[in-house]
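One structure is given here, and the rest of the page talks about it.
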Amino acid sequence: MTKRKSPARATSPWQQDLLSGLKALAAQHPEDLRVLGGPQIQPDGSAWIRIRLHTADIPHTEGGLVLGEDEDFILDIPPIERVPPQVLTPHTRFAGTPHVLEGVRLCLYLDTAREWNPEGGVPAVLNRLWQWLTDAASNRFDATTALYHAVGGVLHRTDGTPTIVVREPNEHRTAHTGWLTPRFSQRLDLSRHQAHEQSMRLPVLPLGHHLPLGAGHTLADLLNRIDNPTLGQTGALRRPGLTSPAFLTALTHSARRNPEGTNQYFILAVPHPGLPAGPRFLLAGRLSVPVSDTLRRTPRPAENLSALPADVGDSAVEWCYLSEEREAVTTRRDAQRPVNAFHGTHVHLWGCGGIGSWAAELIARAGAARISLSDPGTPITGGLLVRQNYTEADVGENKAVALAKRLRSLRDDLIVDISPPPPSLELLDAAQQADVIIDATISITAGRFLDLLARHSGRTAVLAQMATDPMTASHGILTVSAPGTGHGPALIDQTTGQHVLARPALESYHQLWSEPQPGQEIRPTRGCSVPTFHGSAADLASITATLVTLLGMQMHHPVSGTHLCAQPHTGTQPSHYFIPYPPHPDDPPAALATIPTPAPLLPPTSRVGT
């Protein structure tokens, strides 16, 4: 009785189309492209087919990839069209070249969602490959832009492992002991010193070379690649640096000082191939609890796997995602945006309601160093959760106190303090101590106090008022008094009001200087409740974000004046309008009236901030 062979796996229609296209191209260009044999179907259903390209005519530049007369590649064609074919090399000669992943896979598509169009078929893939070879041979790649290039060009991460946060500005060029402090169930913080009694010891070890083939999957893999960074390449030079015995010894030392039944972690500091003198790339891994306990029980620190049970070398290394937050290697995502003006500043925020609660979070996320909050002290009620930046856990709490807790939860390095509401003697020095003071209270008293601070000798703070309209909370006003302007936002606002009311083209903004009509406000509860304005969390968050962005622009270029803005769904035109202070001489005569000193033109009920 003969044993039946299992039936050959068939190619999918998509694979058949690409293979037919590949053979047609080879027939048209026999001098440049050859197909070497038929496809091999892999266990995952992909089809591998070997091709040969004539590369002798590709120009070479010093420092670029050296190519032979012909080069062989493997096309890895997936069974479905939404994933582009990958290109592999049958060798590791290209390892270390930018955009070569794990030594054998060429990175032809940085963002497949935007760059891969299945309609292009095989010609599109081969054109990408040809362009890659041309760029590599001409040394056009910028290795500094390949984030994970230092370790095989791929992300090392094992499901279920915690994220390790790194913030300390350390170059990690010398071996040292680090500490991991549990912050949450899914997070550990790396530091140079023990921060808590629960902190775990780990070795931080610098390599003398990058790992072009990746770090491997097992402990034996990792040790081999530490000693042989260019494993498989011919003529590769051994570089000085950390050796596997030193790594294993340091790992054992740390394990023996950590509690039984815990994972043993480690950090490898890997030099970047494009920036050997720059900051190191950090790779975080850990060993399973059984293997970690085995290391703890060794009579003396192990220097090689032969001193440990045979199965230790085959044990998997679990790779941890590393949240890299060192300034030397991380660019803030808002670095080029207007709100970057708040980075490192001290901000006073008066009023923690509808506008203030959202503005505080936006400014905190923008990197302010310190935020001082002031609010009259009204406790939070459940109804406010519809539009203010609070949660059920905050109900009954003072707004400033609850908002301070939220801001501190956003950033570990943010200083948040609570000041008494204006007017207060404690706030008299705010104009010289803070970088910007924002009044979101719509309080006449607070506005008058800002005018007092505007006249403060040596004022350095930018003074600002933010508010929105009572009907929709979708029109915003930002009034700014720059340093050197003797009048505060409230007085500037009066001149602006005359200017706006004199211009029919700005009629949509007249409501900001008009008394609300009956029915334009709402009473949130029956009885003698204080009338309030219409508006949702979407309205308040949206208009506040616009006002904060405009204020960031003003802080970059301090100029006194008033911004008017409207959200797109309102249809208001112009959607943004700026009135400088003092107004331009060509503006309507009403805008040039002498600034009065009595009470503000605007009744407080026609705008809202809380």
Residue 21 passes all but one of the listed conditions (1) over 13 Å from residue 123 (Cα atoms); (2) at pLDDT below 95; (3) surrounded by 12 or more Cβ atoms within 10 Å (Cβ to Cβ); the exception is number (1)
Restricting the range 325-344 to residues that are surrounded by fewer than 13 Cβ atoms within 10 Å (Cβ to Cβ) and in contact with an Asp or Glu (Cβ under 9 Å, 6 or more places away or on another chain), the one nearest to residue 251 (Cα to Cα) turns out to be 328
Any chance residue 478 is out of contact with any Asp or Glu (no Cβ under 7 Å at 6 or more places or on another chain) and assigned to a strand (DSSP E or B):
yes
Filtering the range 431-448 down to residues that are surrounded by 20 or more Cβ atoms within 10 Å (Cβ to Cβ) and either among the β-branched types (Val, Ile, Thr) or over 14 Å from residue 349 (Cβ atoms) (or both) yields 431, 436, 437, 438, 441, 442, 447
Reported set for the range 252-274 where residues are within 19 Å of residue 224 (Cα to Cα) and assigned to a helix (DSSP H, G or I) is 252
Residue hits (the range 380-400; assigned to a helix (DSSP H, G or I), open to solvent by 50 Å² or more (accessible area, probe 1.4 Å) and at pLDDT 95 or above) are 392, 393
Determine whether residue 470 is over 21 Å from residue 551 (Cβ atoms), touching a Phe, Trp or Tyr at 6+ places or on another chain (Cβ under 6 Å) and open to solvent by 20 Å² or more (accessible area, probe 1.4 Å).
no
Restricted to the range 554-588 and to residues being in a helix (DSSP H, G or I) and open to solvent by less than 50 Å² (accessible area, probe 1.4 Å), the residue modelled with the highest pLDDT is 570
Note to self: Among the residues of the range 243-251, are any modelled with pLDDT under 95, in a loop (DSSP other than H, G, I, E, B) and over 30 Å from residue 101 (Cα atoms)?
What the structure shows: no
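If I go through the range 285-301 residue by residue, how many of them are touching a strand residue (DSSP E or B) at 6+ places or on another chain (Cβ under 6 Å) and open to solvent by 10 Å² or more (accessible area, probe 1.4 Å)?
Here the count works out to 1.
If we keep just the residues of the range 310-357 that are part of a helix (DSSP H, G or I) and among the polar types (S, T, N, Q), which is nearest to residue 402 (Cα to Cα)?
My answer is 357.
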- prompt: Can residue 130 be described as at pLDDT 90 or above and open to solvent by 80 Å² or more (accessible area, probe 1.4 Å)?
  reply: yes
Selection from the range 56-101 of residues open to solvent by less than 30 Å² (accessible area, probe 1.4 Å) and under 15 Å from residue 16 (Cα atoms) yields 75, 76, 77, 78, 84, 85
Per the filter on the range 43-55, residues assigned to a loop (DSSP other than H, G, I, E, B) and either out of contact with any Asp or Glu (no Cβ under 8 Å at 6 or more places or on another chain) or open to solvent by 40 Å² or more (accessible area, probe 1.4 Å) (or both) are 43, 44, 45
Taking first residues from the range 350-361 that are surrounded by 24 or more Cβ atoms within 10 Å (Cβ to Cβ) and second residues anywhere that are hydroxyl-bearing (Ser, Thr, Tyr) and assigned to a loop (DSSP other than H, G, I, E, B), the pairs with Cβ under 6 Å that are 6 or more apart or on different chains are 350/441; 351/441; 351/610; 353/610; 354/610
Residue 183 fails exactly one of (1) without any contact (Cβ under 8 Å) to a residue 24 or more places away in the chain; (2) open to solvent by less than 70 Å² (accessible area, probe 1.4 Å); (3) touching a strand residue (DSSP E or B) at 6+ places or on another chain (Cβ under 8 Å), namely (2)
**Message:** I'd like to know if the range 414-428 contains one or more residues that are open to solvent by 60 Å² or more (accessible area, probe 1.4 Å) and of a type in the set (S, T, N, Q).
**Reply:** no
Residue count, the range 277-309, condition of a type in the set (Asp, Glu) and part of a loop (DSSP other than H, G, I, E, B), comes to 1
Listed by first then second residue, the pairs whose first member lies in the range 424-441 and is closer than 19 Å to residue 556 by Cα, whose partner is open to solvent by less than 70 Å² (accessible area, probe 1.4 Å) and basic (Lys, Arg), with beta carbons under 7 Å and at least 6 positions apart or on separate chains, are 431/459; 432/459
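Listed here are the residues, each with its yes/no results for (1) touching a residue at least 60 places away in the same chain (Cβ under 8 Å); (2) within 21 Å of residue 213 (Cβ to Cβ); (3) within 27 Å of the chain's Cα centre (by Cα).
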{"residue": "66", "(1), (2), (3)": "yes, yes, no"}
{"residue": "75", "(1), (2), (3)": "no, no, no"}
{"residue": "80", "(1), (2), (3)": "yes, no, no"}
{"residue": "90", "(1), (2), (3)": "no, yes, no"}
{"residue": "116", "(1), (2), (3)": "no, no, yes"}
{"residue": "124", "(1), (2), (3)": "no, no, no"}
{"residue": "135", "(1), (2), (3)": "no, no, no"}
From the option list 305, 282, 322, single residue qualifying as in contact (Cβ under 8 Å) with a residue 24 or more places away in the chain and open to solvent by less than 10 Å² (accessible area, probe 1.4 Å) is 282
Here the residues within the range 170-224 that are under 24 Å from residue 149 (Cα atoms), among the β-branched types (Val, Ile, Thr) and assigned to a strand (DSSP E or B) are 204, 218
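The values are calculated or read from the model by the stated rules, or taken from the named source; none is laboratory data. Source: prediction; values computed, not measured. We place every Cβ from the backbone using ideal geometry, glycine too, and count neighbours over all the protein chains shown. To get the accessible areas, we keep the full protein, side chains included, count just its heavy atoms, and leave off ligands, DNA and RNA. Shrake-Rupley method; radii C 1.70, N 1.55, O 1.52, S 1.80 Å.
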